[in-house]
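*Asks:* Pasting in a structure now, in structure tokens, and then I'll have a few things to ask.
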Amino acid sequence: MVLRKKWLVLAIFFACVMGGGILCVVWPASYRSSTLILVESQKIPEDYVKALIGPSIEERLNSIQQQVMSRTLLTQMIQEFDLYRDAARQDGNEAVIERLRKDIRVTTSATRSQRGGVDAFAISFAHQDPQLAMKVTAKIASQFIDENLRSREQLVAGASEFIEQELAMAKERLETQERSITLFKTKYMGELPEQVQANVSALDRLSLQHGTTIDALQRAADRLSLIEKTFKEYEALGPIAAGTVQGPGGAVVVDSPHFRLKELEKNLTTLAAEYKDNYPDIITLKQEIQALKAEIGNTARENKESDKATTFTKEAKPIDTYLRELGRQREESKLEIASLKERLLRIKDQMKEYEVRVEKAPARDQELMLLNRDYGNLKENYRTLLDKKLNARLSENLEKRQKGEQFRIIDPANLPQKPESPDRLKIMLLALTLGCGLAVGGVVALESFRPVFRRSDEVESLLQLRVLASIPNFTVLLGHMNKILLGSAMTSRSAESMKGRLLSAPKSNDKRNGTFIGTSTGREAGVPSVEKRGLSDKLGTGRELDLIAKWSPLSIVAEQFRVAAARLVLLQSTDGDRVTVITSAIKGEGKSVVAANLAYVLARNLGKSTLLIDGDLKCPMVHQCLGIPQFPGLRDVIEGERSVDSCLHQVGDLPLWILPSGLVSGRMLELSNFHQFSSMLTELKKQYEYIIIDAPPILPLADMHILAGMADTLALVIRAGFTSRAVVEKAVRTIGAASNACIILNGLEAAGVPSYMQDSYDYLTEKQEVGPT
């Protein structure tokens, strides 16, 4: 591919190289000045004072870089150093600011500290003036240092203020939570989880009191029943016996207090046997006994003083003191029973209250736990914020005294001596690489975009048709012959050597073409005429020179035509197979040249009686290749104006006759007239051994579809490296791949020529025939 497109490859390659050279010359030199800044850690260990600044220096460095690269600071720098004056006038301030940002470069050092931060970073600036580059670099470095100090102080101050605000809010929330807990405990006093044991103990004590009270109530009820029974019995005995006893002298009045005392002592003895001394009834009885004893003592003293009372009287009036005492005891028992019942109800209410407290204790425990949990979190948060506040105050003092992390310039901005750009070596290497890549890539792209046939094996594998021969491209050979025939310094020996190779002029007694017109229009007699453009696609080449089998019979091109003729003879070995139609897919593939050379080889080298018919009526070329007149010809025969014999032209003394196409009359030749051509072809088969028909192309015209049916052998000419594969495949599908079809590959490039066909003999032949003058 590269060899075929060598001029395109060279053009692309030299264009890239030239572009690289121009870029090296035009590109202005740029000098870059740089400075190295060390990141110093804080002077006091972090175990004592923890810095509020984050540990990631990359993030802070990016933040500082964004601030330094802001539009405001860059505008001040541009005005201070008068940077990019011409660019500012042409493109405006925004473009200049963007250009300044691109020229400033900040790179971090590859060394990493233990805490994971950058140990150092470099700042550089590129400009056409090295002095200005150094000054701007120093200015940017100072701005980085100042911005670092200012940002650290602001960050620490802001963090300290924020922590103080958070601490005040945390304190307020903590106090609010403490009040909530106090109110909760006050509201649910007695139901708190820590009072459960006291409530249970109180409940046990009340339960015991409840049982004791029930027992006392039962005894009081029994005593009341006894008093009631005694009272009834006493009333049944009558009032005489009340408070009296029978003595020796009759009824004696018994002192009621003494009798009551005895009854109380008797009851005390009974209760003391069952209960302890601290039992309430025992205590009450003891109090009554003491009061009664005091009453008896007082009565006795009164009796002594008045001497009016006597223990025994003969006639004593009965006093109902005992009944009165029984009534009093009955009332006291009723009061005692009422008191015990009230006490029992009070104990039951207290027991219910304590039971409710014990039942509500788990719920109160859950609520109090939530309150205590929030209180603990708030308390821990408050303690943490308090520690942070103290640390923030220390960190703030640390930054104010400049004992924290700082930037320090190690290498000041240098004065660059060598330009950073352009790197001419890299540019040229890139241009060379790009030129080679574009050249080869462009050629490959062109070849891939329009695939064509270049070798005979490709044709056979894709079309499944036999290849008669592969005709090499003979443009160079025709150019060499043009120099011999048309050169101004042509020797007489050279002209003499060309005699006999040109087509002979018709004789006056030629009966086949009585109106033959001479075709030699060159500067000398016998020299073929020169057309402006021929099928060889070479300007200034005569069409007669396309008959390569005549002008260079020993060349490899002529040899391939002989190979094609020999294979054609073998194909048409059957009697009656004499007609060979040569066509192509489209115009310009060299079918007329192939037909002319093939007919010439059949007549001269194989001695076969051959007739060459120019059947391409719309674009005839055979008459130009063989140097004969176009009129009269096939059109005249079909239209019935002339006979076949009057239109034939013989080539010298060879058994080769030509039937040209005839002049174009301006009338469209109907397809039905080709039936006359078929009848004429039947007669001609009897006179000639081989008939070669130069047919029109397959795709653009309809004539070929009729001529294909008249052919014993159909030869499709394909121009190597020219006709697209898709076009050829469409042409084959159009006419149908008949069994008599074959391929002639024309215009084969040097790269597609097999190794056994590489030798050429034409130069040696020319040297032997022409020789020195």
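The values are calculated or read from the model by the stated rules, or taken from the named source; none is laboratory data. Keep in mind the model is a prediction, meaning the values are calculated, not measured. Glycine also receives a Cβ, built like all others from the backbone with ideal geometry; neighbour counts cover every protein chain displayed. The protein model used for the area step is the full one, side chains on, heavy atoms only, and it has no ligands, DNA or RNA in it. Shrake-Rupley method; radii C 1.70, N 1.55, O 1.52, S 1.80 Å.
*Asks:* Would you confirm whether any residue within the stretch 570-578 is among the β-branched types (V, I, T) and free of Cβ contacts under 8 Å to residues at least 40 places away in the same chain?
*Replies:* Checked against the condition, which is being among the β-branched types (V, I, T) and free of Cβ contacts under 8 Å to residues at least 40 places away in the same chain, the stretch 570-578 yields at least one hit.
*Asks:* Mind checking which pairs have a first residue in the stretch 180-191 that is within 19 Å of E353 (Cα to Cα) and a second that is among the basic types (K, R), Cβ under 6 Å, 6 or more apart or different chains?
*Replies:* From residues that are within 19 Å of E353 (Cα to Cα), the pairs are Y188/R364; G190/R357; E191/R357; E191/K360; E191/R364.
*Asks:* Name the pairs whose Cβ atoms lie under 7 Å apart, with the first residue in the stretch 634-646 and open to solvent by less than 60 Å² (accessible area, probe 1.4 Å), the second in a helix (DSSP H, G or I) and among the β-branched types (V, I, T), and 6 or more positions between them or separate chains?
*Replies:* Close Cβ pairs (under 7 Å, with a partner that is in a helix (DSSP H, G or I) and among the β-branched types (V, I, T)) amount to V644/V637.
*Asks:* Which one of these does A159 not meet: (1) modelled with pLDDT under 85; (2) part of a helix (DSSP H, G or I); (3) over 30 Å from Q406 (Cβ atoms)?
*Replies:* Result: A159 passes all but (3).
*Asks:* A further question follows. Of everything in the stretch 293-310, what is assigned to a helix (DSSP H, G or I) and at pLDDT below 80? Give them in sequence order.
*Replies:* E295, I296, G297, N298, T299, A300, R301, E302, N303, K304, E305, S306
*Asks:* What is the number of the single condition among (1) surrounded by fewer than 18 Cβ atoms within 10 Å (Cβ to Cβ); (2) of a type in the set (F, W, Y); (3) at pLDDT 85 or above that F144 does not meet?
*Replies:* F144 satisfies every listed condition except (1).
*Asks:* Looking only at the stretch 131-141, count how many residues are open to solvent by 40 Å² or more (accessible area, probe 1.4 Å) and closer than 16 Å to T72 by Cβ. Before you say what the answer is, go through the steps one by one.
*Replies:* Step one: filter the stretch 131-141 for residues open to solvent by 40 Å² or more (accessible area, probe 1.4 Å), giving 131, 134-135, 138-139.
Add one more test, that the residue is closer than 16 Å to T72 by Cβ, and what stays is 139.
The total comes to 1.
*Asks:* Any residue in the stretch 571-592 that is crowded, with 18+ Cβ neighbours inside 10 Å, within 60 Å of the chain's Cα centre (by Cα) and part of a helix (DSSP H, G or I)?
*Replies:* Within the stretch 571-592, one or more residues are crowded, with 18+ Cβ neighbours inside 10 Å, within 60 Å of the chain's Cα centre (by Cα) and part of a helix (DSSP H, G or I).
*Asks:* May I pose another question? Among the residues of the stretch 696-707, is there at least one that is β-branched (V, I, T), open to solvent by 70 Å² or more (accessible area, probe 1.4 Å) and at pLDDT 75 or above? Reasoning before the result, please.
*Replies:* Of all residues in the stretch 696-707, those β-branched (V, I, T) come to 698, 706.
Narrowing the set further to residues that are open to solvent by 70 Å² or more (accessible area, probe 1.4 Å) leaves none.
Scanning the stretch 696-707, I find no residue that is β-branched (V, I, T), open to solvent by 70 Å² or more (accessible area, probe 1.4 Å) and at pLDDT 75 or above, so the answer is no.
*Asks:* What number goes with the only condition from (1) touching a helix residue (DSSP H, G or I) at 6+ places or on another chain (Cβ under 8 Å); (2) open to solvent by 60 Å² or more (accessible area, probe 1.4 Å) that L371 does not pass?
*Replies:* Here L371 clears every test but (2).
*Asks:* Regarding L429, is this residue assigned to a helix (DSSP H, G or I), loosely packed, with under 14 Cβ neighbours inside 10 Å and at pLDDT 85 or above?
*Replies:* On the way: assigned to a helix (DSSP H, G or I): yes; loosely packed, with under 14 Cβ neighbours inside 10 Å: yes; at pLDDT 85 or above: yes.
Here the answer is yes, as L429 does meet what is asked.
*Asks:* Out of curiosity, is V770 open to solvent by less than 70 Å² (accessible area, probe 1.4 Å), touching a Pro at 6+ places or on another chain (Cβ under 7 Å) and modelled with pLDDT under 70?
*Replies:* No.
*Asks:* State which residue pairs qualify: first residue part of a helix (DSSP H, G or I) and of a type in the set (D, E) and inside the stretch 371-395, second residue open to solvent by less than 60 Å² (accessible area, probe 1.4 Å) and modelled with pLDDT under 90 in any location, beta carbons under 8 Å apart, and separation of 6 or more residues or different chains.
*Replies:* Matching pairs, first to second residue: D374/Q177.
*Asks:* Are any residues in the stretch 60-97 among the basic types (K, R), farther than 22 Å from P130 by Cα and over 37 Å from the mean Cα position of the chain (by Cα), and if so, which ones?
*Replies:* Once the filter is applied, which keeps residues that are among the basic types (K, R), farther than 22 Å from P130 by Cα and over 37 Å from the mean Cα position of the chain (by Cα), the stretch 60-97 yields only R89.
*Asks:* Tell me which residues, restricted to the stretch 171-193, are in contact with a helix residue (DSSP H, G or I) (Cβ under 7 Å, 6 or more places away or on another chain) and open to solvent by 80 Å² or more (accessible area, probe 1.4 Å).
*Replies:* Of everything in the stretch 171-193, those that are in contact with a helix residue (DSSP H, G or I) (Cβ under 7 Å, 6 or more places away or on another chain) and open to solvent by 80 Å² or more (accessible area, probe 1.4 Å) turn out to be K171, R173.
*Asks:* Which of the residues spanning the stretch 55-109 are open to solvent by 30 Å² or more (accessible area, probe 1.4 Å), at pLDDT 85 or above and outside any helix (DSSP H, G or I)?
*Replies:* S70, D82, R105, V106, T107
*Asks:* With respect to the numbered conditions (1) farther than 30 Å from E729 by Cβ; (2) touching a His at 6+ places or on another chain (Cβ under 9 Å); (3) modelled with pLDDT of 85 or more, which one is the sole condition not fulfilled by G607?
*Replies:* So the condition that G607 fails would be (2).
*Asks:* Residues that are in a helix (DSSP H, G or I), among the hydrophobic types (A, V, I, L, M, F, W, C) and modelled with pLDDT of 75 or more: does the stretch 450-462 have at least one?
*Replies:* There is at least one residue in the stretch 450-462 that is in a helix (DSSP H, G or I), among the hydrophobic types (A, V, I, L, M, F, W, C) and modelled with pLDDT of 75 or more.
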